[in-house]
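Reviewing the structure listed below.
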Amino acid sequence: MYDLVVDFVSGGEVANLLKGYILVEGKKIRFSGVAYGRFGGQNVSPKLSPAAQKRVRELFGDIERFEEDLQLRLVKGEFEIKPKEGTLRKAGGSG
């Protein structure tokens, strides 16, 4: 298991950019993504860099399964919010 932290969310009319990291075994693995869905419900599309994908693969094995879990946790609001100084204006989840 891993902890999930969002540390940046941009405000937008239709979509919000977000950034954060997972914390596993004392290591941070960063991700970015887009949160959207004013019509038909909320959705989040997280993205991992190639280097982050490699680290996730080493820790969890199945990258596709991990990305699905990450997406579901973001949509459900199962994350902690730790804004960087002056960067977090709005967020859809609760910690």
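The values are calculated or read from the model by the stated rules, or taken from the named source; none is laboratory data. What you are looking at is a predicted structure, and each value in this text was computed from that prediction instead of being measured. For neighbour counting, all protein chains shown are included, and Cβ atoms are generated from backbone atoms with ideal geometry for every residue, glycine included.
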Strands (runs of 3 or more DSSP E) (entirely within the chain) containing at least 1 residues that are in contact with a His (Cβ under 8 Å, 6 or more places away or on another chain) and at pLDDT 90 or above: none
Return the residue satisfying two criteria in turn: it lies in the stretch 19-39 and is touching a Ser or Thr at 6+ places or on another chain (Cβ under 7 Å) and without any contact (Cβ under 8 Å) to a residue 40 or more places away in the chain, and of such residues it is farthest from Pro50 (Cα to Cα). Val34
Qualifying positions in the stretch 42-55 - touching a strand residue (DSSP E or B) at 6+ places or on another chain (Cβ under 6 Å) and aliphatic (A, V, I, L, M): Val44, Leu48, Ala52
Within the stretch 48-68, is even one residue under 12 Å from the mean Cα position of the chain (by Cα) and touching a residue at least 60 places away in the same chain (Cβ under 8 Å)? no
